[in-house]
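Each remark here refers to the structure printed beneath this line.
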Amino acid sequence: MKMLFPGSLRLRLILLASVVVLIAIAPAWLVLSSIFERHVESRITSELTDHLNQLIVNFREPKDGKPVLTRPLPDPGFNRPFSGTYWQISDKDGVLLKSRSLWDFNLRENHPVSELPKLHSHDLQGPEGSQLFSVIQNVTLDAGEGEKEYLIIVSLDHKEITRSVQDFSQDLLLMLSGLVLVFFIALWVQVSVGLRPFSQIKKELLELRQGRRQKLMESYPVEIKPVIQEINNFITSRELSAEYGRSRASDLAHGLKTPLAILTAESRRLVKQDQFESAEVLRQQISSMRRHVDHELARAKIQNIQHHRLKKAHVMSNVEKIISTLNNLPNMKRIEWRVDIPDDLHVMMESGDFMEVCGNLLENAQKWAKCKVDVRAHRAENGSVVLRIEDDGPGVSEDKFKTMLKRGRQLDETVSGSGLGLAIVSDMLSAYHYRMEPYQSAIGGLGMRLMLRSEAAATR
């Protein structure tokens, strides 16, 4: 069954129940048909026995005349040739009387009369090759010539029985089919209602991911509640683990600041003492250590994103804060910032993470720009947010777009930096399942296009 419906619990349950129902319905149909057939045969036996008793009561055989019935049987079928209902009275010498329906045919009992019970039933050969269900009685009567043994037979064509059973079986099959259809509809409704808690769990998980919920509710059926509790325990455990990782990364960063500062001062002292070779070796090691620290801090940040619930960040206010900070930095060039962002635009992202992403990109744009940087954002048709950051600097050729996003790679080694900025931004956006694409901007330099999810798109 898993092979038939590997991804649908609903169809598995319905298929299993359907197989059970069909296995139960088929034998039920056969058993009920068999019971009805026995009931029909019992009723026909009773009717034929009544006819036989009427023949016994009304049969006369005068000494000087032909055998007669003082009163004919009321069933008109006995008077219609080959109608399927027959009777016959015979003695040891042959047939004395028979129904008009037999016409020129005589019923024949193949067993000796002396070996037969007084009253019994079995099949006999009838007219035109038909099989007759017959009630037979070997009776001793004084019909006018003294006591004498007679064999009285009353028969009904088996086709009548078969037709009645077939009609009942067809009606029964139609009724059972209707019941099965109603059962399947009820089963579908039952399974849908039974699986409804999973839809609620899906909704709560989405709210959890969007930061609108801390944990899943535990007001679920007892069969699901243990799973919910384990999910909540897992969430708590991941949050504690992420918090521990952030603390360790922060401790690492602060712990290495002082040693790196001392080593940097030592490198400068060696330069002043004209020990350039030793100073260069020390500078390279310091730079390598800084890259490793930045790398580990970035990894801790990205892992925190992957295990953290989403919140929304206001695009315009955060961009304005970053631009204000960059303008107040002493070593940054003064440029024109052209910002076009709707005030009601939000993205599903931690504000700190959004500022770090935009901060790296805006700082990079300011570093390379000649005199202006464009920052534009709009809401796409699918509800997502497209953020563009463009500068009028020298730009980057298309064949270097992939290289510039690799960790620790700098396109211009003369510019200070670890080469981790854009790579960290790319990894951070990937952790949110967002995308960043470099392109040639319309104002001449490099453009970066960010595809982010808005609050409206996240609730879809």
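The values are calculated or read from the model by the stated rules, or taken from the named source; none is laboratory data. The shown structure was predicted, so the numbers you read here are calculated from the model rather than taken from an experiment. Ideal geometry is used to build each Cβ from the backbone, glycine not excepted, and the neighbour counts take in all protein chains shown.
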In the range 373-383, the residues that are of a type outside the set (A, V, I, L, M, F, W, C) and crowded, with 18+ Cβ neighbours inside 10 Å: ASP374
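How many residues are over 25 Å from GLU207 (Cα atoms), touching a residue at least 24 places away in the same chain (Cβ under 8 Å) and either outside the structural domain of ARG435 (by TED's automatic domain parsing) or part of a loop (DSSP other than H, G, I, E, B) (or both) if we restrict to the range 330-369?
The qualifying residues number 6.
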Residue match in the range 33-46 (condition: charged (D, E, K, R), part of a helix (DSSP H, G or I) and free of Cβ contacts under 8 Å to residues at least 12 places away in the same chain): yes
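Could you please let me know if ILE161 is modelled with pLDDT under 85 and not in a strand (DSSP E or B)? Steps first, answer last, please.
Working: modelled with pLDDT under 85: yes; not in a strand (DSSP E or B): yes.
For ILE161, the condition - modelled with pLDDT under 85 and not in a strand (DSSP E or B) - is met.
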Among residues of the range 47-71, those that are surrounded by 14 or more Cβ atoms within 10 Å (Cβ to Cβ), in a loop (DSSP other than H, G, I, E, B) and out of contact with any strand residue (DSSP E or B) (no Cβ under 6 Å at 6 or more places or on another chain), counted: 1
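Select from the range 313-329 the residues that are outside any helix (DSSP H, G or I) and more than 47 Å from the chain's Cα centre (by Cα) and write down the one among them that is modelled with the lowest pLDDT. Show your work before the answer.
Step one: filter the range 313-329 for residues outside any helix (DSSP H, G or I), giving 313-314, 328-329.
Of the ones still in play, those that are also more than 47 Å from the chain's Cα centre (by Cα) are 328-329.
On the way: ASN328: 86, LEU329: 80.
It comes out as LEU329.
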Residue among SER169, SER134, SER155 that is surrounded by 15 or more Cβ atoms within 10 Å (Cβ to Cβ), part of a helix (DSSP H, G or I) and either of a type in the set (Ser, Thr, Tyr) or out of contact with any Lys or Arg (no Cβ under 8 Å at 6 or more places or on another chain) (or both): SER169
